[in-house]
Amino acid sequence: MGPHALSQVLRQVDFSCDDENLIVGLDSADDAIAYQINPEQIMIQSLDFFTPIVDDPYLFGQIAAANALSDIYAMGGQPLTAMNVVGFPSCLEGEILSEILQGGADKVAEAGAIIAGGHTVEDDEPKYGLSVTGQTKPGQLLTNDNAQAGDKLILTKPLGMGIVSTAIKGDMADEEVAERVISAMARLNNQAVKVMHDYGVNACTDITGFGLLGHAWEMAEGSNQKIEISAAEVPVFGGVIDYAEMGLVPGGAYNNQQYLEQHVEFGPEVADSMIDILFDPQTSGGLLISVPQEQVSDLLIELYGLGVDDAAVVGEVVAGEPQIKVT
């Protein structure tokens with residue numbers, strides 16, 4: 001059962017809650033939940049884990065941790081504590097698990113948070129991730145459902161992670177390309193949070209398994225706005241277009257396309273390979289930030305100064321029925 005089918009199942013379950021302190025819960029498509037603890041503090045919680053996408057256990061641990069921590073950053077928060085979530089086969093050496101956990105621990109430390117426990121079960125294949133608790137202040141919580149007409153959309157990491165991961169698994173990836181993508185997947189999204197609150201950001205989400213268009217659709221639907229994406233402005237990792245043209249596209253991209261086809265309109269100038277890239281599921285992808293047009297230049301300058309070198313304006317929010325248009 002794919003992620004889209006699972007989301008349909010979840011909607012059939014009654015998770016109703018009348019706690020007024022639950023600001024963001026299952027009635028939203030946001031990356032985490034938000035719960036107001038007191039007038040000055042909002043707690044943010046998330047959980048994410050997956051199977052290895054690289055062979056190196058330490059790098060896998062770093063990528064999985066960065067991916068889980070990103071949910072806190074996407075809501076404008078700072079991670080505080082994390083707990084390991086592990087599935088591990090008894091047939092593998094314990095040293096492999098140690099390296100995975102060390103990679104995660106080092107990434108959590110880089111985020112300024114701490115590993116405070118976890119849970120491990122025996123499983124047929126390795127799985128690793130984190131349950132993360134973070135915090136923010138009232139007025140600084142960001143959600144994906146408040147994009148405003150006239151906003152510009154900034155993407156902070158290039159696309160193509162799923163396609164390159166497929167090429168890596170098939171021993172067809174250029175080493176330099178693979179290294180750049182792996183480095184990006186292990187990179188925290190913490191830098192943007194340092195400055196987003198200074199520029200009136202209206203909405204934010206991180207780009208993961210639903211691809212750019214899937215997460216953009218969640219923003220459009222939640223905000224009741226139309227989103228226009230300029231394919232030519234979307235940053236893409238080097239080599240990805242060639243890999244897409246070779247057919248090295250993960251099945252998740254086609255699942256995303258099938259799920260979203262009624263909500264997305266493509267202009268005739270958008271190449272098939274680019275369509276695959278826009279639907280490509282990302283692992284620990286960048287943030288998609290909806291910011292007022294008059295603040296875009298200053299926010300980009302700040303991001304570049306913090307080393308977020310790939311940040312680019314990829315589209316805009318316009319008034320209209322929820323839809324994604326790609327030109």
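The values are calculated or read from the model by the stated rules, or taken from the named source; none is laboratory data. Just so it is clear, the structure is predicted and the values come from calculations on it, not from any experiment. Quick reminder, even Gly has a Cβ in these numbers, built from the backbone with ideal geometry, and neighbours come from all protein chains shown.
Structure summary
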{"item": "Residue list for segment 157-192, restricted to those being in contact with a strand residue (DSSP E or B) (Cβ under 9 Å, 6 or more places away or on another chain), within 25 Å of GLY112 (Cα to Cα) and buried (at least 24 other Cβ atoms within 10 Å of the Cβ)", "result": "LYS157, ASN189, ALA192"}
{"item": "Strands (runs of 3 or more DSSP E) contained in segment 9-104 and holding at least 2 residues touching a Leu at 6+ places or on another chain (Cβ under 8 Å) and more than 22 Å from VAL193 (Cα to Cα)", "result": "78-88"}
{"item": "Flag if ILE241 is assigned by TED's automatic domain parsing to the domain that holds GLN191, touching a strand residue (DSSP E or B) at 6+ places or on another chain (Cβ under 7 Å) and under 30 Å from ASP171 (Cβ atoms)", "result": "no"}
{"item": "Spans of helices (runs of 4 or more DSSP H) in segment 239-321 with at least 1 residues at pLDDT 95 or above, more than 15 Å from THR166 (Cβ to Cβ) and of a type outside the set (Ser, Thr, Tyr)", "result": "251-260, 272-279, 296-305"}
{"item": "Test result for GLY103, surrounded by fewer than 16 Cβ atoms within 10 Å (Cβ to Cβ) and either modelled with pLDDT of 95 or more or aromatic (Phe, Trp, Tyr) (or both)", "result": "no"}
